[in-house]
Structure formats: C-alpha cells, structure tokens
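Below you'll find the structure, written out as structure tokens, and then a few comments.
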Amino acid sequence: MEPSAVVMNAPRSASGPGTAAGSGTGFSLLDVSLHTEERGRLPVALGGGAADAVPLVLAEGTVVSLGLTFRLGLEVDALTFEEERARDGRVLATTRTLLGGFRRGGPYEVWLPPQRMPVGKAHCGLYLVTGRVTDGHGRELAREDHHVRLVHVTGPPTAAF
C-alpha cells in the first residue's frame, strides 16, 4: 500500500465531463494532471486512451505526482485510486492508494505520492496507464486510460523537451 495522498479543497470549476454510470455516488472527475519538477503541471485530457491518441512524453527517471480533482454527490468511504501500467499487452505494475472518506461536495484535489519513472533504455517505450477510482465496496466510479511514452535522455532531463 502506498502512503496516503495529500488532499486539498481546490477552487475549480464545477463543470466536468460527467459521472460514472451506475456509481450511485454522483462522482465527477473534473481534472487529471501530472506534476513534475522539470516541466511543472502537465494536463491530461479526460476520455483519453484511444489508439490514435497522442501519448504524454516523459523522460526516463522523471519524478511524477498525479493530481486528481473531483466532486461527489454523496458521501463516500474508502475512496481508492488504482493505477495499472502495461506495456505490449502485459501488466507490469498495479498500485493502489487509499484516498480516504469524503463528504458530499468538492471540488476536492488529491495529489498522489511522487513516483520515479524507470531508468534505462530497456524501460523506454509506449505504456498504457489505466487509472480507476473505486469506493469502499469496490465499485468503479471513474476510469481513464492514457498512453505514456518514456524516452531515453542523454543529457539533463530538460534537454529532451
């Protein structure tokens, strides 16, 4: 289990792409972003993951923190974020982070603990990253799929971008 995430209320717009069908909680994912020291905030388009989508490009070894912004129509206990990283059809890693309980409302902004991307040419390539938000009963409230391309860097990470 990963360490607890940092949770903040955020003054964001109430409009968003919608709610997960059948969730019963009124969960609305408003924003997903990656935060890095080298490049700052990188917005992630919601509804991504299509085969023809342009992947996010990250340098090997980049330290990334994932930011999620959401609203809730009802109180939810044991909200959990699960990230699955796959390459060439094989699941390489699955990470679950317990976000905690949330009252109705929001928007809430959650930053997950930072992770360092793998280093080395063997790890470079295209990954499919799937993020899921579930409630305490394991019901899926939201799901996003995105492609991430990890690139080899010969100089400082900022030289590649």
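The values are calculated or read from the model by the stated rules, or taken from the named source; none is laboratory data. Keep in mind that this is a model prediction, so the values were computed, not measured. Here Cβ is always computed from backbone atoms with ideal geometry, including for glycine, and neighbour counts include all displayed protein chains. SASA here: full protein model, heavy atoms, side chains in, ligands and nucleic acids out. Shrake-Rupley method; radii C 1.70, N 1.55, O 1.52, S 1.80 Å.
Considering every residue within the range 135-153, establish whether at least one is modelled with pLDDT under 90 and either farther than 14 Å from Val64 by Cβ or more than 14 Å from the chain's Cα centre (by Cα) (or both).
yes
Could you grab me the full set of residues in the range 138-150 that are touching a residue at least 12 places away in the same chain (Cβ under 8 Å) and over 12 Å from Ala53 (Cα atoms)? Before the answer, list the steps.
So in the range 138-150, the residues touching a residue at least 12 places away in the same chain (Cβ under 8 Å) come out as 139-150.
Those that are touching a residue at least 12 places away in the same chain (Cβ under 8 Å) and over 12 Å from Ala53 (Cα atoms): Arg139, Glu140, Leu141, Ala142, Arg143, Glu144, Leu150.
Tell me, which residue of the range 26-44 that is in contact (Cβ under 8 Å) with a residue 40 or more places away in the chain and open to solvent by 60 Å² or more (accessible area, probe 1.4 Å) is nearest to Arg116 (Cα to Cα)?
Residue satisfying both the conditions and the ranking: Glu38.
Can you find, within the range 97-128, the residue that is farthest from Leu34 (Cα to Cα) among those that are open to solvent by 30 Å² or more (accessible area, probe 1.4 Å) and assigned to a strand (DSSP E or B)?
Gly101
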